[in-house]
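Here is the structure we will look at, set down as structure tokens.
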Amino acid sequence: MKKNSHLQTIEWKNNKIRIIDQTRLPKGLVYLDIDNLRDLWLAIRELKVRGAPALGAAAALGVYLGSKNLKTKSREVFNKELFRIADYLASSRPTARNLFWGIERMCGVAEKFKGRSVEEIKRLLFKEAQAVIKEDKVTCRKIGLWGARLIKDNSTVLTICNAGILATIDYGTALGVLYRCKEEGKRLKVYACETRPLLQGARLTTWELQNKGIDVTLICDNMAASLMQQGKIDLVITGADRIAVNGDTANKIGTLGLAILCRYHKIPFYIAAPSSTFDLSIKSGRGILIEQRKPEEVTSLFSKITIAPKGVRVFNPAFDVTPNNLISAIITEKGIIRPSFRANIRKIISSVQRRAYSG
Ligand code: MRU
């Protein structure tokens, strides 16, 4: 791929949802056109499209995709079907708040414009899904702007998983901060944790950063402690899948370990996330549902090479929860939230979250 060419993770194109198939990276940049809900559900489940904000957009476009071909002229029947579609999409992955937020936005439109015809509501749903995409582009750039204030020239940054272009529409949250630093002329060195078992760090983050011309070094997850001990890391920055009202943050499995290491080595640990990742209905991380994934992801390499004996018991949570007291700051599009999170999150993140749908 040409360096610095513009990538868009997900969009509505030719009456279909077009995604970059992230399971094909870094070998090939392959686009996938999705024209039915079942394929979208599978694409989400199989991480062809992944990352919290991208899942929000997938859910919003998915609600439109599912509803656009409904034949009924009755708004009552239409709404019933819409909620069935919402439930189906909501069952794809449980942890990322944005997926539910995307669904809620769409259901909120159906609720708000109850009196409109089916044809009109379909048009409004399309508009809303496009707005989700457009807003993400702006939101991520604002996160980048705020976050860059925290990073000095010549810093060495460590990250996990992929919170970049591929996890959003076209810029990223944690990686968006790094892109902004580069735009400002700051020199950065980045260490990317490979992110076992599905290797989002090795496959996606390094690919993205290389493409953006950022100095990136890949490490196995278990090498982070040693790097910190040698004084080679100035800060850690990651994305988030769901943030409770007290700041406890669910993100890719391994994030908690990094936050604990940061505390021990006195290194700042930052989370970068849009306000759509906050779940003000959840008091603490204990209320966050963590996705458990299939054993084969751990016992084999992409179901191809077996690396563990048949029948071995496996623990495979996709995410962990970092308690608020290990987080130095949460970077959002509305500003930088610092401790005490319980008070400050409510000040910055609006408590008015539409809940026309509650899956
Ligand atoms: O399982 P994934 O790849 O969807 O997990 C993604 C992450 O954990 C990201 O860090 C998170 O969604 C933030 S993306 C901006």
Practice prompt. Determine how large the accessible area of Ile260 is when every protein chain is in place; take a 1.4 Å probe and give Å² rounded to the nearest 10.
Written response: 90
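Per residue and in cubic angstrom, what volume does the convex hull of the Cα atoms of the range 287-339 have? All intermediate terms of the calculation are to be shown ahead of the outcome.
On the way: hull volume 7.6 nm³, N = 53.
Taking the convex hull of the Cα positions in the range 287-339, it is 144 Å³ per residue.
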Worksheet item: How much of Lys134 can a 1.4 Å solvent probe reach, expressed as accessible area in Å² and rounded to 10?
Response: 140
Fill in: Rounded to 10°, Cα long-axis angle of helix 52-68 versus longest principal axis of the chain
10
Worksheet item: Considering only protein heavy atoms, what per residue accessible area in square angstrom results for the range 10-140 with a 1.4 angstrom probe?
Response: 42
Response to the item:
Karplus ³J(HN,Hα) for the range 220-230 (6.51 cos²θ - 1.76 cosθ + 1.60, θ = phi - 60°; Hz, whole; x = Gly/Pro) runs 6, 4, 7, 9, 4, 4, 5, 4, 5, 4, 7
Worksheet item: Can you run phi through the Karplus equation (6.51, -1.76, 1.60; θ = phi - 60°) for the range 119-128 and list ³J(HN,Hα) in whole Hz, with x for Gly and Pro?
Response: 4, 5, 5, 4, 5, 5, 5, 4, 4, 5
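If Val312, Val109 are ordered by their accessible area, calculated over protein heavy atoms with a 1.4 Å probe, which sequence runs from highest to lowest?
Ranked list, largest accessible area first: Val312, Val109.
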Discussion item. Would the range 133-273 count as rounded, prolate or oblate if I go by the C-alpha gyration tensor, calling it rounded below 1.5 in a/c and otherwise prolate when a/b exceeds b/c, oblate otherwise?
Written reply: rounded
Item to complete: May I ask you to derive the FRET efficiency for Lys334 and Arg116 from their Cβ-Cβ distance with R0 = 25 Å, giving the value to the nearest 0.05?
Response: 0.20
Response to the item:
If each part is reduced to its alpha-carbon centroid, the range 187-214 and the range 108-168 end up apart, in Å, by 22
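Can you pull the semi-axes for the range 10-140, root of five times each eigenvalue of the Cα gyration tensor, sorted largest first, whole Å? Numbers along the way, then the final one.
Numbers: eigenvalues 124, 42, 37 Å².
Ellipsoid half-lengths, sorted descending, are 25, 14, 14 Å.
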Discussion item. Could you report the accessible area of Ser117 in Å², rounded to 10, computed with a 1.4 Å probe on the protein chains as they sit in the structure?
Written reply: 60
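Please give me, ordered by residue number, the trypsin sites (Lys or Arg not before Pro) of the range 23-59 that lie in loop per DSSP and have at most 16 other Cβ atoms within 10 Å.
Numbers: sites: Arg24, Lys27, Arg38, Arg45, Lys48, Arg50; in loops: Lys27, Lys48, Arg50.
Here the sparse-neighbourhood loop sites are Lys27.
As an exercise, use a Förster radius of 30 Å and the Cβ-Cβ distance of Glu46 and Asp153 to find the FRET efficiency, rounded to the nearest 0.05.
The formula returns an efficiency of 0.15 here.
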Worksheet item: If you line up the long axis of helix 174-183 against the longest principal axis of the chain, both from Cα atoms, how many degrees apart are they, to the nearest 10?
Response: 70
Worksheet item: How large, in percent, is the carbon and sulfur part of the accessible surface of the chain at a probe radius of 1.4 Å?
Response: 52
Practice prompt. Divide the volume of the convex hull of the Cα atoms of the chain by its number of residues and quote the answer in cubic angstrom per residue.
Written response: 133
Fill in: Helix 75-90 vs. the chain, principal-axis angle (Cα, 0 to 90°, nearest 10)
20
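With a 1.4 Å probe and every protein chain left in place, work out the accessible area per residue of the range 146-357 in Å², rounded to a whole number. Write down the numbers at each step before the final one.
On the way: 9140 Å² over 212 residues.
Ligands and nucleic acids excluded, the figure is 43 Å² per residue.
So which chymotrypsin sites (Phe, Trp or Tyr not before Pro) in the range 285-324 pass both tests, a DSSP loop state and at most 15 other Cβ atoms within 10 Å of the Cβ? Kindly include the intermediate steps, with their values, before the conclusion.
Values: sites: Phe302, Phe315, Phe319; in loops: Phe302, Phe315.
Answer in residue order: Phe302, Phe315.
Want the number for Gln130 to His265: 0.36 nm per residue separation, take away the alpha-carbon distance, what's left?
Working: separation 135, 0.36 × 135 = 48.60 nm, distance 4.35 nm.
That pair, Gln130 and His265, stretches by 44.2 nm at full extension.
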Discussion item. Can you compute 3J(HN,Hα) from phi for each residue in the range 31-36, using the Karplus curve 6.51 cos²θ - 1.76 cosθ + 1.60 with θ = phi - 60°, rounded to whole Hz and x for Gly and Pro?
Written reply: 9, 10, 9, 10, 10, 8
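The values are calculated or read from the model by the stated rules, or taken from the named source; none is laboratory data. All figures in this text were calculated on a predicted structure; none of them were measured in a lab. Cβ coordinates were reconstructed from backbone atoms using ideal geometry, including for glycine residues, and neighbour counts include every protein chain displayed. Please note that ligands, DNA and RNA were not included when accessible areas were found on the heavy atoms of the full protein model with its side chains. Shrake-Rupley method; radii C 1.70, N 1.55, O 1.52, S 1.80 Å.
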